[in-house]
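Student: I'd like to ask you about the structure that follows.
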RNA sequence: GCGCCCUUAGCUCAGUUGGAUAGAGUGUUGGUUUCCGAAGCCAAAGGUCAGUGGUUCGAAUCCACUAGGGCGCGCCA
């Protein structure tokens, strides 16, 4: 092992303990040895609770066992000293040189620092956003986008082969409603006097699409009001039936032209959505069409498999999946009385397809309102003979916007929603990306617009970016060649702030691994806040550009390493790191 | 009514596999700049981890119940 190379210290210490255990209590060799980082510095760099775990089976006191273990512990050049503390903890204090090696390691690994082999190249698919292309993305979708994108980055850094996918709901009633809404606005532009249903899409973007069609095609798609309203259920008494009748009339009157309009509004909205996400730094490897499932016979095939296995039955003219057999609350319809497949049927086919594409792991990022749906999808996988545990559904709670301390209310249909684009324009992409992942995904998010756009100490994004910019500024004033820094003699870094910063830097690979393991990118965000705090404290306590060259280079190497970790972490979250602010 | 999620400092929230004296930001109060970016730093104050019981060497963390909040429960998507 070369002098600049430090082993995985957790594994190293666990190995030492395992050897000691073999001497002290060979019969307990199977015990799992856990090492943790104590919260307090006085408890050392790593602590082990092995002695307390063994107390009961060995019928000896924990401290006595700890003493025996330490007496049999092999010597290691990485361990400065050990102690027994509290109820029987074994605390390890590392040799200071170990911590200093992290600087060299970070500088050597550069942008790759923090990557791990946890995933071992396994294929994982992350499906996220998947919003209906029936209008602009709103701030709720934004959270799914920011979370999913950061999660995918974190998994990739942890050594998974990640595929990012967007499921496009391009079939079904919502698309029909959008096509109808656009057509009705188009008819208005042509002077046809019709009431616009309150449960159709109200947004200005619908009028905009109607205007485009009007300009391009004049009155080509005009039909008289009487024909459009032919045999209409009351809009007041039966609003949904009214809408469905309008759709049926549109399809009948427009014939092939209906599908032209349908595809036009779909393409328009999907393109808008894709562009919006691209500007937000969120990209996908695949856009999977729901419609393609039906077109390629995948739904029939999936249902055929369920049928073969005896999990389907007919009742009241509909086809049912016996999901209660697989832990669901009730059986679910997969093909309606009118012969149409349900959304659920498409989703069974979609998930079968995901499994057949060979992903070792599948992660769905869904809005929390879909949580009732998890059991039936897993049930369907089970019924198909697939392992439901390969699928993880990550539920993302809603985001509520606050401006001036006041909650903003939103509703998609009425058109009173704040779009993701508006949010990005107001607070900027960086603040939006960061604020979205600053909460655990299963927590409600209060998104404070005033805070997100404030360029002040209150704003954690600026706090972190400021730390990065400060480092850039110092390095620029130094004016030396950064390539020299990995060779710096960092033995001079012995101050309290330096030790704290070194320990923080050492944590980073564990943070990214944890974030991947727990599917929790917010851990990275919190880590970066802490790291930036350590840097600011150090900055205010010490001067970096000191006359003595050895100390100066050591300190510059340390902040250069800090800069690198800030950059790597922010990059996982899709946040930029400006050199000047 | 049933199911899932949540409840931690005045406010917004972290808290890893159960681990030692429960942390951060904000707000409040006080201090800090002849010196690399004060968008910063230092300090003080602030807690029945919703409640009760259990599991054990040890519980904010696991289990049960209670209270409060959110979401879901359609031949919608």
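Laboratory data are not the source of any read-out in this text; all were calculated from the coordinates shown. Everything numeric in this text was worked out from a predicted model, so none of it was measured. Using ideal geometry, Cβ is built from the backbone for each residue, glycine included, and neighbour counts are taken over all protein chains shown.
Student: Over the residues of the range A:9-94, compute the C-alpha Rg and express it relative to 2.2 N^0.38 Å.
Tutor: Normalised Rg, Cα atoms only: 0.98.
Student: Moving on to the next point. So how long is each side of the range A:31-77 along the principal axes, counting just the alpha-carbon atoms, biggest first, in Å?
Tutor: 31, 24, 19
Student: If you don't mind, there's one more thing I want to ask. With no solvent and one point on each alpha carbon, what is the Debye value of log10 I(q)/I(0) for the range A:173-271 at q = 0.20 Å⁻¹?
Tutor: -0.97
Student: Which distance in nm do the two modelled labels at residue A:507 and residue A:357 give, with both placed 7 Å along the Cα-to-Cβ direction?
Tutor: 3.7
Student: Let me ask another. Within 10 Å of each residue's Cβ, count the other Cβ atoms and sort A:186, A:167, A:343 from fewest upward.
Tutor: With the sparsest Cβ surroundings first, the list reads A:343, A:167, A:186.
Student: Once the Cβ-Cβ distance between residue A:87 and residue A:279 is put in as r, and R0 is 60 Å, what FRET efficiency do you end up with, to the nearest 0.05?
Tutor: 0.65
Student: Exposure proxy check: A:182, A:392, A:283, A:32 ranked by fewest other beta carbons within 10 Å?
Tutor: A:32, A:283, A:392, A:182
Student: Next question, about the same structure. How far apart, in nm, are two points set 7 Å out from the Cα along the Cα-to-Cβ line at residue A:543 and at residue A:322?
Tutor: For the pair residue A:543/residue A:322, the computed spacing is 8.2 nm.
Student: In addition: Hey, what's the per residue convex hull volume over the C-alpha atoms of chain A, in cubic angstrom?
Tutor: In chain A, the Cα hull volume divided by residue count equals 204 Å³.
Student: Any chance you could check the Cα centroid distance between the range A:479-533 and the range A:260-326 for me, in angstrom?
Tutor: Computed from Cα coordinates, the inter-centre distance equals 44 Å.
Student: If you don't mind, there's one more thing I want to ask. What's the angle, to the nearest 10 degrees (0 to 90), between helix A:522-541's Cα axis and the longest principal axis of chain A?
Tutor: Tilt of helix A:522-541: around 50 degrees.
Student: Could you work out how far helix A:256-279 tilts from the main Cα principal axis of chain A, as a 0 to 90 degree angle to the nearest 10?
Tutor: Computed tilt is about 20 degrees.
Student: Taking the number of other C-beta atoms within 10 Å as the exposure measure, put A:395, A:151 in order starting with the fewest.
Tutor: Ordered from fewest to most neighbouring Cβ atoms within 10 Å, A:395, A:151 come out as A:395, A:151.
Student: Rounded to a whole number, what is D in µm²/s for the range A:92-162 from Stokes-Einstein with the Kirkwood radius over alpha-carbon pairs (37 °C, 0.692 mPa s)?
Tutor: For these conditions, the coefficient is 218 µm²/s.
Student: On a 0 to 90° scale, report how tilted helix A:549-572 is relative to the longest principal axis of chain A, with both axes built from alpha carbons and the result rounded to the nearest 10.
Tutor: 20
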